[in-house]
Amino acid sequence: MNAANAPMVIIGAGHSGGRAAMTLRAEGYEGPLLLIGDEVHPPYERPPLSKGILQGATDLAGCTFCDAAQLAEAGIEHLVGNPVARLAAQDHQLVLQDGRALLYSKLLLATGGRARRLPMAPAALANVLYLRTHDEALALRDQLQPGARLLVVGGGFIGLEVAATARLLGCAVTLVEAGPRLAGRALPAQISDRLLALHRERGVDVRLDVGLERLLGSPQVDAVELTDGQRIACDLVVVGIGMQPNTELAAAAGLEVGQGIRVDDQLRASAPDIYAAGDVCEFRLHPAGEYQRQETWRNAEAQGRHAALNMLGAGLPFAVIPGFWSDQYDWSLQTTGVLAGSLHTVSRSTAGDGLLMFYLDAEQRLQGACGWGPGNSVAKDIKLCERLITAGPVLRTDALADPGQPLKQWLRG
Ligand SMILES: Cc1cc2nc3c(=O)[nH]c(=O)nc-3n(C[C@H](O)[C@H](O)[C@H](O)COP(=O)(O)OP(=O)(O)OC[C@H]3O[C@@H](n4cnc5c(N)ncnc54)[C@H](O)[C@@H]3O)c2cc1C
């Protein structure tokens, strides 16, 4: 076999890799197709891990968009437990952990990332947990018993969603965030403040501007010491301090890597016939724009599809309006577009004490929006905002701020 008639190969059987495999088949690719994963499960979506799975409201089948039978039916060979250990890009070859070498015709790197580890925590501490995979979610679920004292490290989305779910399950929760506000890198201060108020109202002891100094106790952690000297007793620590993209394979193969695997506008990496998608992919939305990586469902979904189309020769530039959501208690956050601090913001109140924030450029055109409200109450407005970003009308700030003014008015005509 030579590389030209070798299989198409996808490394990483997560959301983006799974979506790419299904798209290749849906778009008519009939050749050999190999999806290589280092988890034992079929591709699944991760958002329920910190929500429905932790609550026991859903299971793996509820997060899987193609189970083993569907993969088999689609003729997708799913290799588990034998991850790719080495990539020889010039030879179109990869080597599995068991030493087997394989050729590929086209390759997609969709290796995602892993939870960043706490530097001071030895791996052997059984009650210091992380949340990236389904198996990690099950391990955490077992320990979220009513009355358990949980210490969450990190006030980003994973930490906040775990805190919310743990409160719903009857745990006592303390959350420690080193920055001055919750989800501070991603959200405007007004929405961070709302998040803080809700978590405190629901009984989470949120500590801002304070870090973790050390873990106390052995062989299990039974307390932590904070940088301000305070000690907090706990039965369990959950660490949510971000994600580490799995770029090592690409970097060792000599591909261009920044904060992620660098791609061009068609999601092509820096060696022939190699593409990247999802959390591990570093891309630009505009030729002159900054490189960015996104860690969102929407990006994993869109880039998985897009990379597959381009592996089939479509040659399409990647251009999708970014967006994400987070569910905490019975509230939800939704965003669309760019929420850059350099943009002018306008806010409007929404039903049930919710809040919508609009991000405008110098010409008063919408670039992004962020909504926080009970249930799914902001979803419709965020969808309209997405259409406004695409349509690009000039907006009036006084009307934007007025809840009585329908957003639809700027889409007519
Ligand atoms: C707990 C949690 C909650 C989330 N909630 C939300 C949410 O509410 N909203 C939202 O927008 N986004 C959310 N996200 C983010 C979203 O789930 C991710 O952006 C998405 O899963 C990224 O998909 P991916 O395919 O790029 O990576 P992954 O899903 O991480 O898949 C990558 C796969 O590649 C495997 N792999 C790595 N290296 C190798 C190798 N060498 N060989 C073989 N396999 C390998 C990995 O083990 C993994 O299985 C959440 C994420 C988590 C963890």
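Every read-out reported here was derived from the displayed coordinates using simple, explicitly stated rules and does not represent laboratory data. Note that the structure is a prediction, hence the values are computed from the model and not measured. Cβ placement follows ideal geometry from the backbone for every residue including glycine, while neighbour counts extend to all protein chains displayed.
With LEU255, LEU309 as the choices, which residue is surrounded by fewer than 23 Cβ atoms within 10 Å (Cβ to Cβ) and assigned to a helix (DSSP H, G or I)?
LEU309
Conditions: (1) within 7 Å of the ligand (Cβ to nearest atom); (2) within 28 Å of VAL95 (Cα to Cα); (3) in contact (Cβ under 8 Å) with a residue 60 or more places away in the chain. ALA20 meets all but one. Number of the miss?
ALA20 satisfies all of (1) within 7 Å of the ligand (Cβ to nearest atom); (2) within 28 Å of VAL95 (Cα to Cα); (3) in contact (Cβ under 8 Å) with a residue 60 or more places away in the chain except (1).
Take segment 259-302 and flag every residue that is under 18 Å from LEU249 (Cβ atoms), part of a loop (DSSP other than H, G, I, E, B) and free of Cβ contacts under 8 Å to residues at least 60 places away in the same chain.
GLN259, GLY260, VAL263, LEU267, SER270, ARG293
Restricting to segment 347-400, count the residues that are over 22 Å from the mean Cα position of the chain (by Cα), of a type in the set (Asp, Glu) and either surrounded by 15 or more Cβ atoms within 10 Å (Cβ to Cβ) or farther than 22 Å from ARG412 by Cβ (or both).
Within segment 347-400, residues that are over 22 Å from the mean Cα position of the chain (by Cα), of a type in the set (Asp, Glu) and either surrounded by 15 or more Cβ atoms within 10 Å (Cβ to Cβ) or farther than 22 Å from ARG412 by Cβ (or both) number 3.
Regarding segment 120-130, can at least one residue be identified that is within 19 Å of the chain's Cα centre (by Cα) and more than 11 Å from the ligand (Cβ to nearest atom)?
Yes, segment 120-130 has at least one match.
Counting just the residues of segment 9-29 that are more than 10 Å from GLU301 (Cα to Cα) and hydrophobic (A, V, I, L, M, F, W, C), which one comes out nearest to the chain's Cα centre (by Cα)?
If we take residues in segment 9-29 being more than 10 Å from GLU301 (Cα to Cα) and hydrophobic (A, V, I, L, M, F, W, C), then ALA13 is nearest to the chain's Cα centre (by Cα).
For LEU131, are the conditions met, namely being among the hydrophobic types (A, V, I, L, M, F, W, C), crowded, with 16+ Cβ neighbours inside 10 Å, assigned to a loop (DSSP other than H, G, I, E, B) and touching a Gly at 6+ places or on another chain (Cβ under 8 Å)?
Judged against the criteria, LEU131 is a match.
Among the residues of segment 94-118 satisfying the criterion of being small (Gly, Ala, Ser), within 28 Å of the chain's Cα centre (by Cα) and more than 14 Å from GLU248 (Cβ to Cβ), which is surrounded by the most Cβ atoms within 10 Å (Cβ to Cβ)?
Among those residues, the one meeting the criterion is ALA110.
Within 13 Å of the ligand (Cβ to nearest atom) and either of a type in the set (Gly, Ala, Ser) or in contact with a helix residue (DSSP H, G or I) (Cβ under 8 Å, 6 or more places away or on another chain) (or both), is that true of LEU333?
Against the criterion (within 13 Å of the ligand (Cβ to nearest atom) and either of a type in the set (Gly, Ala, Ser) or in contact with a helix residue (DSSP H, G or I) (Cβ under 8 Å, 6 or more places away or on another chain) (or both)), LEU333 qualifies.
Could you please give the count of residues in segment 23-51 that are near the ligand (Cβ under 8 Å from one of its atoms) and within 25 Å of ALA88 (Cα to Cα)?
4
Which of the residues spanning segment 30-41 are in contact with a Gly (Cβ under 7 Å, 6 or more places away or on another chain), surrounded by fewer than 24 Cβ atoms within 10 Å (Cβ to Cβ) and in a loop (DSSP other than H, G, I, E, B)?
VAL40
Counting only residues that are surrounded by fewer than 22 Cβ atoms within 10 Å (Cβ to Cβ) and part of a loop (DSSP other than H, G, I, E, B), which one in segment 222-245 is farthest from the ligand (Cβ to nearest atom)?
Result: GLY229.
Yes or no: segment 198-220 includes at least one residue that is closer than 17 Å to ASP327 by Cα and among the aliphatic types (A, V, I, L, M).
So far as segment 198-220 goes, yes, one or more of its residues are closer than 17 Å to ASP327 by Cα and among the aliphatic types (A, V, I, L, M).
Taking the stated definitions as given, is ALA269 within 15 Å of the ligand (Cβ to nearest atom), closer than 25 Å to ASP91 by Cα and of a type in the set (Gly, Ala, Ser)?
yes
Residues of segment 8-29 being surrounded by fewer than 18 Cβ atoms within 10 Å (Cβ to Cβ) and in a loop (DSSP other than H, G, I, E, B), which ones?
Correct list: GLU27, GLY28, TYR29.
Can you name every residue in segment 134-156 that is within 20 Å of ALA57 (Cα to Cα) and surrounded by 22 or more Cβ atoms within 10 Å (Cβ to Cβ)?
Within segment 134-156, ALA137, LEU140, LEU144 qualify.
What pairs can you find where one residue is in segment 68-84 and within 16 Å of the ligand (Cβ to nearest atom), the other is basic (Lys, Arg) and part of a helix (DSSP H, G or I), and their Cβ atoms are less than 7 Å apart, with a gap of 6+ or different chains?
Between residues of segment 68-84 that are within 16 Å of the ligand (Cβ to nearest atom) and residues that are basic (Lys, Arg) and part of a helix (DSSP H, G or I), the close pairs are ILE76/ARG25.
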